[in-house]
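Since the structure comes first, as structure tokens, the remarks are kept for the end.
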Amino acid sequence: MRRGAIVALISIALVVAAITTAIAYFVDWLPEQASEERQGIDLVFWVTVAICIFFFAVVASVSIYSGVKFRVKPDDLSDGPPIHGHTGLEIVWTAVPTICVTVIAVLSAVVLTQNDSSKGKPLRVEVLAQQYAWQFTYPEEGGIKATNLYLPINRSTKLELTARDVLHSFWVPEFGQKQDAVPGIVTTVVITPTKTGEYRLICTELCGLGHALMRTRAIVLSQADFAAWTKKQPQGGGSASGGEIDAKGIFTANCAPCHTLTKAGTNGMVGPVLDDLALPPSAVEHQIRNGGGGMPPFGNQLSDDEIEALVQYLTGSNG
Ligand code: CUA
């Protein structure tokens, strides 16, 4: 190849690489870092982006150069020259991507293994995902249940995830790592928050009509605030353990992702609006227990007392 061609190819590649690097570097693409695990995830992300920028520059330079240099002249209807493959080139473009993919795979495996180890004894939280809500249980804090994920700062929390119905996936962008929640097995992910605040917790696996609404909040508290929060919560799973049943709480925990109900302050849009519900209590109870019309059954998840309280709450009746 002529020297001029090589200079042209390298120049185009450098310009393309400079532009894409500037776009990657100067635009603030990623959410703020709020966990120790995020650093490794970001490293994998940027290494992959760097490799992509390199290959994009190589491919763009050859495409642009060829497009300009080898265009047919007007009225040139002759065939192009017969060319044969180039064994040396083929070996290079097979070997180099193989090396790059191997680098990404090894780096990812190292980061995921590091992220799996917790700092000291982790706080355990059981995460139950279902269409279309999250439930968090704190087995070592008296079985507290919550619909937001409360976490103490600078301490590792080990989330033990499972799902009741279909595949879901746990993701807080600021924390970095995603983890699937799978029916029948328990998967784990370790999070060590480094910043107090509220973050979006979203389902990132298409799980049904309400997938886009299957979101709640991860709330990182100082260690003292977290201890105070655990003391304030009803122990042993809340309303089911006797005492006054909190119908509004049951509604918020189970129905809010899908239903709008003004007096509960919810605005889900998957199912019907439940203000001014014009159904007899028996029909409402049947619907809650058995589901139907796109709604999952709650007969196995709520106690009879809880269902009764919910029916009264929704219909305003005592029967
Ligand atoms: Cu659960 Cu998407």
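The values are calculated or read from the model by the stated rules, or taken from the named source; none is laboratory data. Please read all numbers here as calculations on a predicted model, not as lab measurements. We place every Cβ from the backbone using ideal geometry, glycine too, and count neighbours over all the protein chains shown. Side chains are part of the model used for accessible areas, which takes the heavy atoms of the whole protein and leaves out ligands, DNA and RNA. Shrake-Rupley method; radii C 1.70, N 1.55, O 1.52, S 1.80 Å.
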If the convex hull is drawn through the Cα atoms of the range 247-315, its volume per residue in Å³: 77 Å³
Where Cα atoms sit under 25 Å apart: lysine pairs in the chain separated by 8 or more or lying on different chains: 29
The range 21-100 and the range 125-154: distance between their alpha carbon centers, rounded to Å: 44 Å
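Starting with the highest mean, order 109-118, 87-96, 207-216 by the number of other Cβ atoms within 10 Å, averaged over the residues of each peptide. Mind dumping the intermediate values first?
On the way: 109-118: 14.1, 87-96: 10.2, 207-216: 17.4.
Highest-to-lowest ranking by the protection proxy: 207-216, 109-118, 87-96.
Between N290 and K231, what length comes free when the chain is fully extended (0.36 nm per residue of separation minus the Cα-Cα distance, one decimal in nm)? Provide the component values of the computation, followed by the final result.
Details: separation 59, 0.36 × 59 = 21.24 nm, distance 3.56 nm.
17.7 nm is the gain from fully extending N290 to K231.
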Helix runs (DSSP H) in the chain reaching 27 Å along axis by Cα, Kyte-Doolittle at least 0.0: 3-26, 36-69, 87-116
Global size of the range 123-236 as Cα Rg and Dmax, reported in angstrom: 13.3, 39
Kirkwood Rh (inverse of mean 1/r, distinct Cα pairs), the range 1-152, angstrom: 21.0 Å
Cleavage-rule hits, trypsin sites (Lys or Arg not before Pro), the range 2-49, DSSP coil, Cβ neighbours within 10 Å at most 16: R2
Label-point gap, in nm, between F54 and W93 - each point 7 angstrom along Cα→Cβ: 1.7 nm
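Whole number in Å², please: accessible area per residue of the chain, 1.4 Å probe, ligands, DNA and RNA not counted. Mind dumping the intermediate values first?
Values: 18390 Å² over 319 residues.
Solvent-accessible surface per residue comes out at 58 Å².
Taking each pair of distinct Cα atoms in the chain once, what is the resulting Kirkwood hydrodynamic radius in Å?
Details: mean 1/r = 0.0417 Å⁻¹.
With all distinct Cα pairs of the chain included, I get 24.0 Å.
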By average C-beta atoms within 10 angstrom, highest first, the peptides 68-75, 275-282, 145-152: 145-152, 275-282, 68-75
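Within the accessible area of the chain, what % is carbon and sulfur when the probe is 1.4 Å and the other protein chains stay in place?
Carbon and sulfur: 62 percent of the exposed surface of the chain.
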Burial ranking of peptide ranges 283-290, 26-33 (average Cβ count within 10 Å, highest at the top): 283-290, 26-33
